[in-house]
Amino acid sequence: MKAFVAIVKSTGGKLDKYETFDTEAEADGHVLKYGGFVTTSPPGNTEYWVIDPVTKTAIYDEDIQDVARSMQNWTAEIGDTDRTMKRVMEDLIDDAGLVITGRTKANYDAKKAIRARKPQ
Amino acid sequence: MSTLKANAVTGSTTNNDLALTGNGTGVVKIGDGAIKFPDADGTANQMMTTNGSAQLAFVAQPTSGFTLGTEVDTTSGTDALFSSIPSGTTMIVIMFEGVSLTANTALDLTLGDSGGLETSGYVGHETQFENGTGPVQNESTAEFLMGIAASANTIDGMCILTLKDSTNFTWSCSFSAKMSANQSAIASGTKSLSAELTQVNLGGGTFDAGSINIMYQ
């Protein structure tokens, strides 16, 4: 990401359109032509930038990205358990009150432990 | 106006050209269709076309086939930007080889015009398939998601963008790639830009391996 960003358009704090530049003068020139404002480029994924056109600021909200990343990790982790304990089997055990032992119980318990850690 | 009637006209001096010129702004017209020749030369390697109304003109030759871009190294940095995509482009193929991101991050694709890269209005869906597990699905309106790449994964494959509507600058996207030894991803969607596409950017996290290139026509 280059040092300066021309925030060309944003809606409700979310970024809609931008262009990055090495120098502030280049970014100023872009804004002159396409509108918006210039600020220093925040770090992080643009999806998690918070834009304020009034104060002409763009900040990176790491907390929001952390939540999204946690959910991605959790989704991948619970998806991995489908190999040994599919959701339909989990529901069947829960709903029918089946008594399970051995490897089936170990897989069931592992899946329940991951499910309990689902990010909010 | 006087008319010369003859079955052949030949230059009078050996090895001299035969010149035909109009008068003032007038041009040379030839044949029963009175086809008008341009009065000025074109530039090197241009070709001649008609406007369908008996006027010939010099124009650039159509480019044949795809133009291969300059490969972008993705062993570091957060963006692989391909800018200066020429006007009139209707198809772009993005090619990934061994592309890796440092964290469990979604590789994403954004499109842009001369005003900048656009980060809203995407209609898309991405699905990953892993041997022995259920599919994992993701959606975003802020970009085309190309798949969640675990840090150990490398992405090998391609994404095809085609111009579906030149009035609204609407592009269709189709992506497929290998994500790991037992995982593949597919994604598709559409995105309308504010103006003609001039740039595409791959990002989403920090790159630590591989390379990306595009070709377009």
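The values are calculated or read from the model by the stated rules, or taken from the named source; none is laboratory data. What you are looking at is a predicted structure, and each value in this text was computed from that prediction instead of being measured. Here Cβ is always computed from backbone atoms with ideal geometry, including for glycine, and neighbour counts include all displayed protein chains. Surface accessibility is based on the protein's heavy atoms, side chains included, excluding ligands, DNA and RNA. Shrake-Rupley method; radii C 1.70, N 1.55, O 1.52, S 1.80 Å.
Worth pointing out:
- Shielding value for B:115-124 is 6, the average number of Cβ atoms from other chains within 10 Å of each residue's Cβ.
- For the stretch A:42-55, backbone phi angles converted through the Karplus equation (6.51, -1.76, 1.60; θ = phi - 60°) give residue-by-residue couplings of x, x, x, 5, 4, 5, 10, 7, 10, 9, 10, x, 6, 8 Hz, Gly and Pro being listed as x.
- Two-site FRET efficiency, residue B:176 against residue B:18, from Cβ-Cβ distance with R₀ of 56 Å, rounded to 0.05: 0.40
- Peptides B:23-32, B:162-171 ordered by average Cβ neighbours within 10 Å, highest first: B:162-171, B:23-32
- Neighbouring partner chain Cβ atoms per residue of A:12-21, average, 10 Å criterion: 5
- When each of the peptides A:41-47, B:109-115 is scored by how many other beta carbons lie within 10 Å of its residues on average, the order from highest to lowest is B:109-115, A:41-47.
- Cα-centred dipole magnitude for the stretch A:1-89, charges only on beta-carbon of K, R (+1) and D, E (-1), debye, nearest 20: 360
- Residue A:17 long-range amide H proximity, modeled H, under 5 Å: A:8, A:9, B:119
- Using the Cβ-Cβ distance between residue B:75 and residue B:160 with R0 set to 25 Å, the FRET efficiency from 1/(1 + (r/R0)^6) comes to roughly 0.50.
- Per-residue Karplus couplings for the stretch A:69-84, computed as 6.51 cos²θ - 1.76 cosθ + 1.60 with θ equal to phi - 60°, are listed in order as 5, 4, 5, 4, 5, 5, 4, 5, 5, 6, x, 4, 6, 4, 4, 10 Hz, Gly and Pro entered as x.
- Across the accessible surface of chain B, with the other protein chains kept in place and a 1.4 Å probe, carbon and sulfur atoms take up 51 percent.
- Dipole-positive endmost among B:89, B:14, B:43 within the stretch B:1-117 (Cβ charges, Cα centre): B:14
- Averaged per residue, chain B has 53 square angstrom of accessible surface, using a 1.4 angstrom probe with ligands and nucleic acids left out.
- Straight-line reach from residue A:9: taking Cα to Cα under 26 Å and skipping same-chain neighbours fewer than 8 places apart, the lysines in range are A:17, A:33, A:56, B:164, B:191.
- Theoretical ellipticity at 222 nm over chain A - DSSP helices of four or more residues, -39500 (n - 2.57) apiece, nearest 500: -14500 deg cm²/dmol
- Highest-fluctuation residue, A:40, A:101, A:20 considered, GNM on chain A with Cα pairs under 10 Å: A:101
- With each label modelled as a point 7 angstrom along the Cα→C-beta vector, the residue B:83-residue B:58 pair spans 3.2 nm.
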